[in-house]
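A.B. asks: Let me begin by handing over the structure; questions about it come next.
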Amino acid sequence: MVMPLALLEKSMNRKISLLLKDNRILEGKLTGYDDYMNMVLEDTEERTSDQTRRLGTVVLRGNNVVSISPL
Amino acid sequence: MVMPLALLEKSMNRKISLLLKDNRILEGKLTGYDDYMNMVLEDTEERTSDQTRRLGTVVLRGNNVVSISPL
Amino acid sequence: MVMPLALLEKSMNRKISLLLKDNRILEGKLTGYDDYMNMVLEDTEERTSDQTRRLGTVVLRGNNVVSISPL
Amino acid sequence: MVMPLALLEKSMNRKISLLLKDNRILEGKLTGYDDYMNMVLEDTEERTSDQTRRLGTVVLRGNNVVSISPL
Amino acid sequence: MVMPLALLEKSMNRKISLLLKDNRILEGKLTGYDDYMNMVLEDTEERTSDQTRRLGTVVLRGNNVVSISPL
Amino acid sequence: MVMPLALLEKSMNRKISLLLKDNRILEGKLTGYDDYMNMVLEDTEERTSDQTRRLGTVVLRGNNVVSISPL
Amino acid sequence: MVMPLALLEKSMNRKISLLLKDNRILEGKLTGYDDYMNMVLEDTEERTSDQTRRLGTVVLRGNNVVSISPL
């Protein structure tokens, strides 16, 4: 059994991809999270089909997140 | 009586299909979940009518999930 | 007085129809539920005006359910 | 002072009309409710401008209900 | 300081206007409320630019209410 | 550090502007609030690009509010 | 590990950028926040592709915030 928060723990300091409710996709290094799945990403990039936008360090609110994938 | 979480327990390490609120359909092996129905899937694929996209390991937030079916 | 959860109890192992928030209609045998009205259905079918899709066993998240009718 | 739940109590075994968030209008005999305003209706009919659909007994989730009127 | 619930208390048995999330406007006499701002209105009318519809007694769920004005 | 509720306290009996989730903009004198950021405004006006509508005293539900600015 | 609220603490009295659920982008100096990620910004500007609107001091409700970036 891999608890969802344990997978976040295992992904610390690694690159992850986030799908947000508004269909944005963000990629960045996970440097923190809390029990609500709020997350801190570093070197974050927002990727759309035709461009990449650099966002740097970002705090994401957990309730806007649909899914999280280690890269 | 099969409690909803008990069906998840019974589906551990088996392939399940998830319908998300945004109408995405994901298939993957269930390797973890918690009381909020957050889930961990492995070898996840997103299936649409005309393509299959490989997502690998994914953490899904429970409140984006509409329904869960063992395959 | 029929408490809402008591009607679910009375519907156990019987066929019910569910209306979901996204207007999907599901029919299946109720084999479990919890206090949040998460439900387990067996032999589930999704019915639209022009087709029937077999979904087998399904866990439904209660907060996507609008109404529940015993059949 | 008429507490909202007290008005439901007073409406027991009487016909009520419900407006749902998706603009559906349901009419039926109220035979139960709980603290979350989940309700049980009997002899329920869904009324639209051009038709009436019989739904029989229905459990309604309180958080899909906009307003409740005794008839 | 006028606490929001105190203004409801002060409006008891008076006519108020409610703006709902779906942009409906209801007017009626406030005869009850609870801590969740669920409300009971009597002699309720729904007003749109071109018509007035009589709804009589209505229980409103607080979480569909945007704003409340004493008239 | 200015806690968000402390800024409301400091704005008591002053004019504030509220942006609501449905994009309405309201201006009025703040005469009360509670821990959920439900608010009471007096002499409230709803401003759109081409008109001003007087709403008088208004109770606003906190969860419809996006942002609050002292004027 | 950088907890999400700790990053807010570290951003105090610095300029941050907020993305809201309605796609608005706000920039301002963070002068306060609470456990719900409600925030106080000063010298706030709303930036769209073709204009900048000055909003001054703003209280933001945390549940309308998608992401927060130190600038």
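The values are calculated or read from the model by the stated rules, or taken from the named source; none is laboratory data. This one's a predicted model, so the numbers in the text were calculated from it and none came from an experiment. So basically every Cβ, Gly included, is an ideal-geometry build from the backbone, and we count neighbours across all protein chains shown.
A.B. asks: Which residues, counting only those in the range G:27-55, are aliphatic (A, V, I, L, M) and either more than 8 Å from every other protein chain (Cβ to nearest Cβ) or farther than 20 Å from A:Leu41 by Cβ (or both)?
C.D. replies: Taking the range G:27-55 as the starting set, the residues that turn out to be aliphatic (A, V, I, L, M) are G:30, G:37, G:39-41, G:55.
G:Leu30, G:Val40, G:Leu41, G:Leu55, listed by residue number.
A.B. asks: Looking at B:Leu20, B:Leu26, B:Leu55, which is the one that is under 17 Å from C:Asp22 (Cβ atoms), at pLDDT below 95, of a type outside the set (Val, Ile, Thr) and buried (at least 16 other Cβ atoms within 10 Å of the Cβ)? Write out each step before concluding.
C.D. replies: Values: B:Leu26 fails: at pLDDT below 95; B:Leu55 fails: under 17 Å from C:Asp22 (Cβ atoms).
The match here is B:Leu20.
A.B. asks: Any idea which of (1) within 23 Å of C:Asn63 (Cα to Cα); (2) surrounded by 14 or more Cβ atoms within 10 Å (Cβ to Cβ); (3) free of Cβ contacts under 8 Å to residues at least 60 places away in the same chain is the one B:Leu7 doesn't satisfy?
C.D. replies: Checking B:Leu7 against (1) within 23 Å of C:Asn63 (Cα to Cα); (2) surrounded by 14 or more Cβ atoms within 10 Å (Cβ to Cβ); (3) free of Cβ contacts under 8 Å to residues at least 60 places away in the same chain, the one that fails is (3).
A.B. asks: Return yes when A:Glu42 is modelled with pLDDT of 95 or more, part of a strand (DSSP E or B), within 18 Å of G:Ser17 (Cβ to Cβ) and among the acidic types (Asp, Glu) and no when it is not. Spell out the reasoning first.
C.D. replies: Numbers: modelled with pLDDT of 95 or more: yes; part of a strand (DSSP E or B): yes; within 18 Å of G:Ser17 (Cβ to Cβ): yes; among the acidic types (Asp, Glu): yes.
Yes.
A.B. asks: Sticking with this structure for a sec: If you check E:Met1 against the conditions, is it crowded, with 21+ Cβ neighbours inside 10 Å and not in a strand (DSSP E or B)?
C.D. replies: Values: crowded, with 21+ Cβ neighbours inside 10 Å: no; not in a strand (DSSP E or B): yes.
Judged against the criteria, E:Met1 is not a match.
A.B. asks: Which residues, taken from the range D:10-30, are outside any loop (DSSP other than H, G, I, E, B), without any contact (Cβ under 8 Å) to a residue 24 or more places away in the chain and more than 21 Å from C:Arg24 (Cβ to Cβ)?
C.D. replies: Of the residues in the range D:10-30, the ones outside any loop (DSSP other than H, G, I, E, B) are D:10, D:15-20, D:25-30.
Keeping just the survivors that are without any contact (Cβ under 8 Å) to a residue 24 or more places away in the chain gives D:25, D:29-30.
Result: D:Lys29, D:Leu30.
A.B. asks: Provide a single number: the residues in the range C:1-42 that are of a type in the set (Asp, Glu) and touching a Lys or Arg at 6+ places or on another chain (Cβ under 8 Å).
C.D. replies: First pass over the range C:1-42, keeping only residues of a type in the set (Asp, Glu): C:9, C:22, C:27, C:34-35, C:42.
Right, trim to touching a Lys or Arg at 6+ places or on another chain (Cβ under 8 Å) and you get C:22, C:27, C:42.
Selection size over the range C:1-42: 3.
A.B. asks: Is it the case, given these coordinates, that D:Val66 is assigned to a loop (DSSP other than H, G, I, E, B) and within 14 Å of chain E (Cβ to nearest Cβ)? Don't jump to the end; show me each part of the working.
C.D. replies: Working: assigned to a loop (DSSP other than H, G, I, E, B): no; within 14 Å of chain E (Cβ to nearest Cβ): yes.
In short, no.
A.B. asks: Is at least one residue of the range E:1-15 of a type in the set (Gly, Ala, Ser) and within 19 Å of D:Leu19 (Cβ to Cβ)?
C.D. replies: First pass over the range E:1-15, keeping only residues of a type in the set (Gly, Ala, Ser): E:6, E:11.
Retained after the next criterion (residues that are within 19 Å of D:Leu19 (Cβ to Cβ)): none.
Looking through the range E:1-15, none of the residues is of a type in the set (Gly, Ala, Ser) and within 19 Å of D:Leu19 (Cβ to Cβ).
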